[in-house]
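J.: Before we start, here is the structure in question, set down as structure tokens.
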């Protein structure tokens, strides 16, 4: 009896080893491929996306359309809810799909270690918008899946009820508008979405509107001290955040808000404004009582010229370790040029310069609003802002310190806005010195 | 053919012990010790989590931890969880004792008390978000009891937020302590109670002189687990507030530094510091309990 058990155990052990190594072999075979018969492109590719909401619907249609053109390529999808957080640990291995998005967490200088170059910058920038942002040494590694712009989504009906006739342009006008919303309606003037956190990071996208100068973020800011000094764009922009929190122009208890329901609340006219990228317009319209009530306007600014800064969404890129680079390249081209993802799903415009502008954008041009891409950093200073920002733990594109600003506004902290601005300035100056000396 | 029975009993024993423990040891090594070794290594570098190369910076990371008081301020939050631990222990012990006697619907109550521990932490986070919302469940209950005047911004008020979160934590983990206590109590033979009853001992005497001494080891274990849990409180505040509004704990801060600001080196050093704090606290506790005996 005892012997038998022993044998069974050994057998089980053997089985396990064989089974495991078997898996390894099978996988190896599957992922081979590349271009073979008829000169056509073939192989299996895995596409990783951040859109958990449409991966089983819209993306499946994409796969079908793509296969009409490339019948020998099999496309499978993987959607990650917390894209940046989940993909970055996986990138320490070789197995992170064939086509994926460049996570914003990864320092720009490290991109060539992980992604396949797509072409020379000189050539690519004639064809695509926003490719400069993450180019390294004159090579482009990713193309933006969409180009979006940041401003304020507002409910026209609520504005009309509050007696606001013209879309507010300056900070003072905007604050007055919010106050009249508070006085004349039951709607929440500015919904912050503090609890979800990430909506607060949307503000940073409007910094060029506040500065009124596309050179500010990448060229001017890294070369000067005290970006939060009074009168500078960051100071002015976040002062609005602080003031609205302080004057009770935001939701009653920001700690328990919820993004999904905020969309519906805005659609019902219970919220007057939210600071969000253009990608959100369609999402809010889709749950609104009357989609025509939902409008979009540039972020307030004291600058003379009103700029809608164009910002690149995630960049689509190819895994350096992919075994089917040709098929992956075909998907990238198809996705950028033919899927119409950027307009239909991302609420922006296509990165490809030969695609025409959507109708909706023309109305802004009539109002004298300019659409501009940020000027890329000077040679040798690529990614500098990002580096200083991380070292200083300010997090321009992270929610933490925005939450701190709001907490101070509500009165949950002892610090005033001046104290905070001073703290950020100090952190920035020290970090800047450290990074520059490296 | 090779037969195991050909070997001496002693050798058989050795082989079996070796083969049986091989798998768990390999797993333990790969998933516990190896990462810890790596963490020690990272803590001496300036690795950002992605770069192929990491630069050796020696004790730089430790220096910046111990010279920046702001990195330690967050331990203030742990104090709330520390006090909550005792409430949690007290409740667990109370319920375990009551339910070890003959009570109606005993198993139903056991199930109800243990249930929160089985729930997923994320689900609990969302449940309590709704619970603490203005005009949410908690406010409604208070209103029904005529205590409407006590209504607060349970998460919005920075003086209360940690109490609310620690309360959630008690609700969640109490079941675990409870089940351990209950197991220990039920191993006490019935004869002892009977004898005690004959001697005229009431329930309190039974608890004080029979139950408590018999389960003192379990109390000790639970306290060690709870206190190291206190120092490294993470899940509930992370899901519910992400560390906002003064609810940031040491572990949330570590995670933020590593994954938001790309300072894996510094975060590893903080994790090492935390590890040592937990070890020291545990050793101190063990010594304290030993003296008692």
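The values are calculated or read from the model by the stated rules, or taken from the named source; none is laboratory data. All of these numbers come straight from a predicted model, not from anything done at the bench. Cβ sites come from the backbone with ideal geometry, for glycine too, and all protein chains shown count toward neighbours.
J.: Of the residues B:26, B:79, which is surrounded by fewer than 13 Cβ atoms within 10 Å (Cβ to Cβ), out of contact with any helix residue (DSSP H, G or I) (no Cβ under 8 Å at 6 or more places or on another chain) and within 27 Å of residue B:216 (Cα to Cα)?
T.: On the way: B:26 fails: within 27 Å of residue B:216 (Cα to Cα).
Unique residue meeting the criteria: B:79.
J.: Something else now. Based on this model, can you work out whether residue B:90 counts as surrounded by 14 or more Cβ atoms within 10 Å (Cβ to Cβ) and in the same structural domain as residue B:236 (by TED's automatic domain parsing)? So that I can check it myself, show each step before the final result.
T.: Working: surrounded by 14 or more Cβ atoms within 10 Å (Cβ to Cβ): no; in the same structural domain as residue B:236 (by TED's automatic domain parsing): yes.
For residue B:90, the condition - surrounded by 14 or more Cβ atoms within 10 Å (Cβ to Cβ) and in the same structural domain as residue B:236 (by TED's automatic domain parsing) - is not met.
J.: Could you check segment B:40-63 and list, in sequence order, the residues that are out of contact with any strand residue (DSSP E or B) (no Cβ under 9 Å at 6 or more places or on another chain), within 14 Å of chain A (Cβ to nearest Cβ) and surrounded by 14 or more Cβ atoms within 10 Å (Cβ to Cβ)?
T.: B:42, B:47, B:48, B:49, B:50, B:51, B:60
J.: Condition first: assigned to a helix (DSSP H, G or I), within 14 Å of another protein chain (Cβ to nearest Cβ) and touching a residue at least 60 places away in the same chain (Cβ under 8 Å). Can you find one or more residues in segment A:175-190 that meet it?
T.: Looking for residues that are assigned to a helix (DSSP H, G or I), within 14 Å of another protein chain (Cβ to nearest Cβ) and touching a residue at least 60 places away in the same chain (Cβ under 8 Å), one finds none in segment A:175-190, hence no.
J.: Here is a follow-up. Does residue B:141 fit the bill of being without any contact (Cβ under 8 Å) to a residue 60 or more places away in the chain, surrounded by fewer than 18 Cβ atoms within 10 Å (Cβ to Cβ), in a helix (DSSP H, G or I) and at the interface with chain A (Cβ under 10 Å from one of its Cβ atoms)? Break it down into steps so the answer makes sense when it comes.
T.: Values: without any contact (Cβ under 8 Å) to a residue 60 or more places away in the chain: yes; surrounded by fewer than 18 Cβ atoms within 10 Å (Cβ to Cβ): yes; in a helix (DSSP H, G or I): yes; at the interface with chain A (Cβ under 10 Å from one of its Cβ atoms): no.
Here the answer is no, as residue B:141 does not meet what is asked.
J.: Same structure again: In this structure, does residue A:138 turn out to be closer than 13 Å to residue A:316 by Cβ, over 19 Å from the mean Cα position of the chain (by Cα) and away from every other protein chain (no Cβ under 14 Å)? Don't jump to the end; show me each part of the working.
T.: On the way: closer than 13 Å to residue A:316 by Cβ: no; over 19 Å from the mean Cα position of the chain (by Cα): yes; away from every other protein chain (no Cβ under 14 Å): yes.
No; evaluated as a whole, the condition is false for this residue.
J.: With the checklist (1) more than 27 Å from the chain's Cα centre (by Cα); (2) within 30 Å of residue A:255 (Cα to Cα); (3) surrounded by 13 or more Cβ atoms within 10 Å (Cβ to Cβ) in hand, flag the one item residue B:124 doesn't pass.
T.: Tallying (1) more than 27 Å from the chain's Cα centre (by Cα); (2) within 30 Å of residue A:255 (Cα to Cα); (3) surrounded by 13 or more Cβ atoms within 10 Å (Cβ to Cβ), residue B:124 fails exactly one: (1).
J.: Look through segment B:231-249, keep the residues that are in contact (Cβ under 8 Å) with a residue 40 or more places away in the chain and buried (at least 22 other Cβ atoms within 10 Å of the Cβ), and return whichever of them is farthest from the other protein chains (Cβ to nearest Cβ).
T.: My answer is B:233.
J.: Quick one: what pairs do we get from segment A:252-264, first residue at negative phi and within 11 Å of chain B (Cβ to nearest Cβ), second at pLDDT 85 or above and in a helix (DSSP H, G or I), C-beta under 7 Å, 6+ apart or different chains?
T.: A:254/A:406; A:256/B:129; A:256/B:132
J.: Shifting gears a bit: Conditions first: (1) facing another protein chain (nearest Cβ under 8 Å); (2) closer than 13 Å to residue A:246 by Cβ; (3) in contact with a helix residue (DSSP H, G or I) (Cβ under 6 Å, 6 or more places away or on another chain); (4) without any contact (Cβ under 8 Å) to a residue 24 or more places away in the chain. Residue A:412 passes all but one, so which condition is the exception?
T.: Tallying (1) facing another protein chain (nearest Cβ under 8 Å); (2) closer than 13 Å to residue A:246 by Cβ; (3) in contact with a helix residue (DSSP H, G or I) (Cβ under 6 Å, 6 or more places away or on another chain); (4) without any contact (Cβ under 8 Å) to a residue 24 or more places away in the chain, residue A:412 fails exactly one: (3).
J.: Would segment A:119-134 turn up any residue that is within 14 Å of chain B (Cβ to nearest Cβ), in contact (Cβ under 8 Å) with a residue 12 or more places away in the chain and under 20 Å from the mean Cα position of the chain (by Cα)? It would help to see each step written out before you state the result.
T.: First, the residues of segment A:119-134 that are within 14 Å of chain B (Cβ to nearest Cβ): A:134.
Narrowing the set further to residues that are in contact (Cβ under 8 Å) with a residue 12 or more places away in the chain leaves A:134.
Among the residues that remain, those that are also under 20 Å from the mean Cα position of the chain (by Cα) are: A:134.
Checking segment A:119-134: at least one residue is within 14 Å of chain B (Cβ to nearest Cβ), in contact (Cβ under 8 Å) with a residue 12 or more places away in the chain and under 20 Å from the mean Cα position of the chain (by Cα).
J.: Turning to a different aspect of this structure: Sort out which residues of segment B:100-134 are touching a helix residue (DSSP H, G or I) at 6+ places or on another chain (Cβ under 8 Å), closer than 26 Å to residue A:259 by Cβ and away from chain A (no Cβ under 14 Å), and write them in order of number.
T.: Passing the criteria: B:119, B:121, B:124.
J.: Further question: Out of all the residues in segment A:63-93, which are within 13 Å of chain B (Cβ to nearest Cβ) and touching a residue at least 60 places away in the same chain (Cβ under 8 Å)?
T.: Matches in segment A:63-93: A:83 only.
J.: Ok, one more. Could you check segment A:113-171 and list, in sequence order, the residues that are part of a helix (DSSP H, G or I) and either crowded, with 24+ Cβ neighbours inside 10 Å or not assigned by TED's automatic domain parsing to the domain that holds residue A:346 (or both)?
T.: First, pick out the residues of segment A:113-171 that are part of a helix (DSSP H, G or I): A:113, A:121-127, A:132-134, A:156-161, A:171.
Selection gives A:156, A:157, A:158, A:159, A:160, A:161, A:171.
J.: Let me ask something additional. Answer with yes or no whether residue A:293 is surrounded by fewer than 23 Cβ atoms within 10 Å (Cβ to Cβ), assigned by TED's automatic domain parsing to the domain that holds residue A:224 and in contact with a strand residue (DSSP E or B) (Cβ under 7 Å, 6 or more places away or on another chain). Quick ask: steps written out before the conclusion?
T.: Details: surrounded by fewer than 23 Cβ atoms within 10 Å (Cβ to Cβ): yes; assigned by TED's automatic domain parsing to the domain that holds residue A:224: yes; in contact with a strand residue (DSSP E or B) (Cβ under 7 Å, 6 or more places away or on another chain): yes.
Yes: the conditions hold for residue A:293.
J.: Go through segment A:254-268 residue by residue and tally those that are buried (at least 21 other Cβ atoms within 10 Å of the Cβ) and not in a helix (DSSP H, G or I).
T.: 1
J.: Now for a separate question. Having 3 or more residues that are closer than 28 Å to residue A:112 by Cβ is the bar; report the strands (runs of 3 or more DSSP E) wholly within segment A:277-382 that clear it. If you could, list the steps in order and put the result at the bottom.
T.: Values: elements: A:294-298, A:307-312, A:315-318, A:370-373.
Passing ranges, in order: A:307-312, A:315-318.
J.: While we're looking at this one, here's another question. Inspect all residues belonging to segment A:213-235 and state whether any of them is farther than 30 Å from residue A:381 by Cα, surrounded by fewer than 17 Cβ atoms within 10 Å (Cβ to Cβ), more than 20 Å from the chain's Cα centre (by Cα) and assigned by TED's automatic domain parsing to the domain that holds residue A:425.
T.: Going residue by residue through segment A:213-235, those that are farther than 30 Å from residue A:381 by Cα are none.
No, every residue in segment A:213-235 fails to be farther than 30 Å from residue A:381 by Cα, surrounded by fewer than 17 Cβ atoms within 10 Å (Cβ to Cβ), more than 20 Å from the chain's Cα centre (by Cα) and assigned by TED's automatic domain parsing to the domain that holds residue A:425.
J.: For the list (1) assigned by TED's automatic domain parsing to the domain that holds residue B:218; (2) at pLDDT 90 or above, I need the number of the one condition that residue B:254 fails.
T.: Checking residue B:254 against (1) assigned by TED's automatic domain parsing to the domain that holds residue B:218; (2) at pLDDT 90 or above, the one that fails is (1).
J.: Filter segment B:250-269 down to residues that are in contact (Cβ under 8 Å) with a residue 60 or more places away in the chain and away from every other protein chain (no Cβ under 14 Å), then give me how many there are.
T.: Within segment B:250-269, residues that are in contact (Cβ under 8 Å) with a residue 60 or more places away in the chain and away from every other protein chain (no Cβ under 14 Å) number 3.
J.: Residue under question is residue A:105, and the condition is that it be within 14 Å of chain B (Cβ to nearest Cβ), in contact with a helix residue (DSSP H, G or I) (Cβ under 8 Å, 6 or more places away or on another chain) and at pLDDT below 90; does it hold?
T.: Answer is yes for this residue.
J.: Which helices (runs of 4 or more DSSP H) does segment B:164-276 wholly contain that include 3 or more residues that are over 30 Å from residue B:54 (Cβ atoms)?
T.: Values: elements: B:190-198, B:203-206, B:216-231, B:235-240, B:250-259.
Helices (runs of 4 or more DSSP H) meeting the threshold: B:190-198, B:203-206, B:216-231, B:235-240.
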